[in-house]
Amino acid sequence: MAGFCKEHELKKAAGGDLKTLTDFDKRGLIIGAHETPEIYVDRLKIFQKNLNQLESDLKDKNEFVVEDIKFPSKEKIPSKIFAPAGKITEDLYDFKIDWVPGFYITPDFGMLFGGCAYSFDPDFFSLFIIRNSFKQKDKWLIYSRNELMSHELCHVARFALKAHTYEEMFAYQTSTSGFRRKFGSMMRAAWETYLLMTILFTMLASQIYLITFKAKWMAEQTILSNPINWFYAVLFFFVSFLVLRQKKQNKSISRTLETLKNITDKPRALAFRLSDEELDELILQKDITKKSFLEVLKNNNCSDIRLKIISERFLNDK
C-alpha cells in the first residue's frame with residue numbers, strides 16, 4: 001500500500017492528464033470541490049509521505065503512533081480483507097479503495113464500538129479502525145465487517161469534499177439493513193448526539209432522585225405537573241425532529257437521483273462526488289439537464305479540472 005501513487009502518475013495528474021485523474025477517481029482519490037491539479041497532487045504527495053512513514057514505523061517499531069493513538073503492526077488489516085468492502089463501494093459509488101491502512105482496534109470506551117475513520121486535515125492522512133472482534137469473525141451484533149469497512153471507506157473517499165449534511169447518508173447506504181440505510185444518518189452532528197445523551201441521562205437521574213427522595217410528592221402530581229413527563233415531551237419532540245428531517249432528506253435525495261438519470265447512467269455515484277452546497281441546489285431543481293447541472297457546479301466555484309473529471313466519468317454524451 002505504501003506505493004499507492006507512482007511518481008510518473010502524480011506528474012501526469014499535476015499536468016492535468018485526464019486519464020490519470022479519472023483513474024485516481026476510480027480508486028477513491030476524489031478531488032476536492034475547488035482543487036486545481038497542482039493542489040490535488042500536492043495533497044496526494046503529502047499523503048504518500050505519511051503513508052511511507054506509517055509503513056516504516058510498522059516495520060521498524062512494530063507500531064505507528066499518531067496523536068497519541070497507537071496502531072500495532074500485528075493488528076493491521078490484510079489487503080485481502082478489503083476486497084468484499086471494495087466491491088460494495090464499487091457497486092454503489094463506482095470507486096474501489098485499496099490504499100488506506102486499516103487496523104483491528106477496540107478503544108477503551110468501545111463497549112458498543114464498531115468502527116471509525118481518522119482523517120487528518122490538511123495532510124489528507126486517513127486510516128480507519130474496526131473492533132478486534134472482526135479479526136476472527138465477520139459479524140458482531142447487528143453489524144458485519146464488510147458493512148463497517150465499506151462505510152468507513154466512503155468517509156475516506158469524500159474527505160476532501162469537506163461535506164457534512166449528506167456525509168452519513170452516503171456512508172449508510174452500504175448497510176444490509178433497510179432501516180439503517182434510511183435512518184442511520186439521523187444524527188448529523190456531534191452536538192445532536194450530546195444533546196440526546198444529555199436528555200436521556202438527565203431524565204434517568206431525575207427519575208432516580210424523585211422516586212428515591214420525593215416519592216410522596218411524585219404521587220401527588222398530575223400528568224402535566226410531573227417533571228419526568230416534561231423530559232419525555234422534550235425527548236419526543238427532539239426525536240420527532242430528527243426523524244422528520246431525515247424523511248425529508250431521503251425524499252429529496254431520492255427525487256434528485258431520479259432526475260439525475262436524465263444526464264447519467266450512474267446517478268448515485270455522481271451525487272456521491274458532489275458537495276453539500278451543490279446537492280442543496282440540485283434538490284431545488286424540478287428538472288436537471290446537463291447544462292443546468294454544470295451551471296450548479298460553476299456557481300459553486302467548481303474547478304475546471306473537476307468539471308472535466310465528472311463529465312468524463314459520469315455525464316452521458318460527453
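Read the figures in this text as sums done on the coordinates, not as results from a lab. No experiment lies behind these values; they were computed from the predicted model shown. A quick note on method: Cβ atoms are made from the backbone with ideal geometry, for glycine too, and the neighbour counts reach across all protein chains shown.
What is the magnitude of the charge dipole of the range 1-162 about its Cα centre, with +1 placed on the Cβ of each Lys and Arg, -1 on the Cβ of each Asp and Glu, and no other charges, expressed in debye to the nearest 20?
My answer is approximately 480 debye.
Could you size up the charge dipole of the range 1-60 around its Cα centre, putting +1 on the beta carbon of Lys and Arg and -1 on that of Asp and Glu, and report it in debye to the nearest 20?
140
Percent of Cα-Cα pairs more than 15 Å apart in the range 111-167, please.
So the portion of pairs separated by more than 15 Å is 50 percent.
Per Stokes-Einstein, at 10 °C and 1.306 mPa s, what whole-number D in µm² s⁻¹ belongs to the chain, with the Kirkwood radius over Cα pairs as the hydrodynamic radius?
Here the translational diffusion coefficient equals 72 µm²/s.
Report, by chain and number, residues whose modeled amide H sits under 5 Å from the one on Y118, excluding near sequence neighbours (fewer than 5 apart, same chain).
Placed amide hydrogens put L127, F128, I129 under 5 Å from Y118.
Would you work out which of S133, L54, A13 lies farthest towards the positive end of the dipole of the range 1-162? Charges go on Cβ: Lys and Arg +1, Asp and Glu -1.
S133
For the range 1-162, what's the relative contact order in percent, using C-alpha pairs closer than 8 Å and at least 6 residues apart?
24 percent.
Tell me the Rg and the Dmax, in Å, that the Cα atoms of the range 30-98 produce.
Looking at the range 30-98, its Cα Rg and Dmax stand at 15.2, 39 Å.
Need one number: convex hull volume per residue for the range 176-218, Cα atoms only, in Å³.
97
Placing +1 at every Lys and Arg Cβ and -1 at every Asp and Glu Cβ, with all other atoms neutral, what dipole size does the chain have around its Cα centre, in debye to the nearest 20?
900
In the range 88-192, if the dipole is taken from +1 on Lys/Arg beta carbons and -1 on Asp/Glu beta carbons about the Cα centre, which of L153, A189, S175 is farthest to the positive end?
Working it through, the farthest residue towards the positive pole turns out to be S175.
Using the Karplus curve 6.51 cos²θ - 1.76 cosθ + 1.60 with θ = phi - 60°, what ³J(HN,Hα) values do you get for each residue of the range 127-143, in whole Hz, with x for Gly and Pro?
3J(HN,Hα) across the range 127-143, in whole Hz: 7, 9, 10, 10, 4, 4, 3, 6, 6, 9, 9, 9, 9, 8, 6, 8, 10.
For the range 1-162, how big is Rg over Rh, using alpha carbon atoms and the Kirkwood form of Rh?
0.97
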